[in-house]
Amino acid sequence: MKKHSLPLKDIVILFACVLIMGTTMGIVNMVLSVFYPIVSLDLEVSRASFALTGTITALSAMVVALFWGFFYSTKPLQKPMIISIIIFGLCFFGLQAAQNLYHFYALALLIGITYGGISIIPVSIIITRHFTSNTGFALSAALAGSGLGAMILNPIINTIIHGASWREGYRLIAIVIFAISLPCAILVTHLTKHDMTSKPASVTPLPASKRQRPQMYPWLWAFLLASFLTGLTGGGLLANLPTYLNDLNFSVSRISIITSAYAASLVVGKFILGFFYDRLGPRTSTLISGLLMALSFGLIMFIELTPILILMLVVIGIGLPIGTVSITWLTNFFFGKENYSKYYGTVQFANSLGMAIGVPAIAAGLENLGNPNLIWIALTLLSLVMVALFMVSIRANLRMKASFINSKIEVGIGKPGVDEIQPALEKSA
């Protein structure tokens, strides 16, 4: 955020990012599943067959995240983002006219491909490049937009598909994308176009003895593995919690209240975690979130007790955003704004791969194991491993940056700025 920038401009940028996330990530991750029972019944196919559309979207988005990350690291994001949103919206007009299951499969693939170029990757790039202070708060606000969008759209879409038809529901989503996502993308990419075209600072390369290819950094692999575990544990929990509550014989109305409560808790928790990162730094904030995530798996074994259930809903709000707020903030902290997009696609791929494995694995375990507590104990232990990996990556990255600073001082250049460090490490590799 430039010193001369008006606060109003920053508010407009942030609000536009919130709306983009609410009408892209919120729709794909939390709204589309509402259509599964109605559409599958109308098409006379099994619910599992139609639910495969969600798997196709998730897998295609996961794979192309690598492409979008590298693409946006070298290209301006304005035109590709706008074109992708237009295609994304047209896909929903296509869904409302689809006649058979294969039409849905083809459009689900296209939705997944374009989704990577319009949601968390470009939005987080905009946030990290524009907001050079209060980055944690800005990231948490934007990421909370997905939950807010789902909270608003879910009941509306539910009412439409049950009161009118599922085709009208898809049509409404398409209209929302063209009426909200598209104008917001045009506005925010215009307001931040100078941030998006900024160049890395000119720096002196590291001495030869300090050079190492980025992909050979052990801390980077620790960070990617930790990001994978956030998806496996946190993503797996969110996807399977309603089913687990049903297995505990919770009533439909009670399950609905609980799912709404943890959605709200996640929204608030993202703001709190973002505040922690701005005030407490990476180690303390990551440690708090990771340990609370591990605690949530311990508490879930006793959620038939109402006080424990309430405590878990509070804990989960700050714990689970480690898979969104934390990995996004840490990517920016590790690599700097100039190299953020180059690496974030890989980080997002690792997180999505964890979700792709964790969701069915946890579902199978809950269905086939006689004691579901074994699952929650295993996830608690994996969460602790995840925390340890995050701590290792943060500590090693800080040491590497300190070594670089010392090397510049030794050759008489002086202490570099924060945004000089990682570009120099990249150039010296």
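Scanning region 76-93 for residues that are in contact (Cβ under 8 Å) with a residue 24 or more places away in the chain, of a type in the set (A, V, I, L, M) and surrounded by fewer than 22 Cβ atoms within 10 Å (Cβ to Cβ) turns up Ile82, Ile86, Ile87, Leu90. Output the residue which, of all residues in region 36-48 that are at pLDDT 85 or above and part of a helix (DSSP H, G or I), is surrounded by the most Cβ atoms within 10 Å (Cβ to Cβ). Here the residue is Val39. Against the numbered list (1) within 25 Å of Lys337 (Cβ to Cβ); (2) within 21 Å of the chain's Cα centre (by Cα), Val12 comes up short only at (2).
Pairs meeting the criteria (first residue in region 384-406 and farther than 16 Å from Leu225 by Cα, second residue modelled with pLDDT of 85 or more and surrounded by fewer than 18 Cβ atoms within 10 Å (Cβ to Cβ), beta carbons under 9 Å, at least 6 apart or on different chains) are Leu398/Arg283. A Cβ distance below 6 Å, combined with a sequence gap of six or more or placement on separate chains, defines the contacts here; from region 289-313, residues that are free of Cβ contacts under 8 Å to residues at least 24 places away in the same chain reach residues that are assigned to a loop (DSSP other than H, G, I, E, B) in the pairs Met312/Ile303.
Taking the criterion of being over 18 Å from Ala16 (Cβ atoms), at pLDDT below 90 and buried (at least 16 other Cβ atoms within 10 Å of the Cβ), the only residue of region 161-199 that qualifies is Ile161.
Which members of region 245-271 meet the condition of being buried (at least 17 other Cβ atoms within 10 Å of the Cβ), under 26 Å from Ala350 (Cα atoms) and of a type outside the set (Gly, Ala, Ser)? If the condition is that a residue be buried (at least 17 other Cβ atoms within 10 Å of the Cβ), under 26 Å from Ala350 (Cα atoms) and of a type outside the set (Gly, Ala, Ser), then Tyr262, Leu266, Val267, Lys270, Phe271 are the ones that fit. Among the residues of region 68-92, which ones are under 15 Å from Leu32 (Cα atoms) and either modelled with pLDDT under 95 or of a type outside the set (Phe, Trp, Tyr) (or both)? Those that are under 15 Å from Leu32 (Cα atoms) and either modelled with pLDDT under 95 or of a type outside the set (Phe, Trp, Tyr) (or both): Gly89, Cys91. Set side by side, the residues Ala294, Ala239 differ, and just one is under 30 Å from Asn158 (Cβ atoms) and in a helix (DSSP H, G or I), which is Ala239.
Just one residue in the set Ile300, Ile272 is in contact with a Phe, Trp or Tyr (Cβ under 7 Å, 6 or more places away or on another chain), over 17 Å from Ile394 (Cβ atoms) and assigned to a helix (DSSP H, G or I); that residue is Ile300. Scanning region 21-35 turns up no residue that is polar (S, T, N, Q), part of a helix (DSSP H, G or I), free of Cβ contacts under 8 Å to residues at least 24 places away in the same chain and touching a helix residue (DSSP H, G or I) at 6+ places or on another chain (Cβ under 6 Å).
The values are calculated or read from the model by the stated rules, or taken from the named source; none is laboratory data. Here the structure is a predicted model, which is why all the values come from computation and not from measurement. Virtual Cβ from ideal backbone geometry, glycine too; neighbours counted across all protein chains shown.
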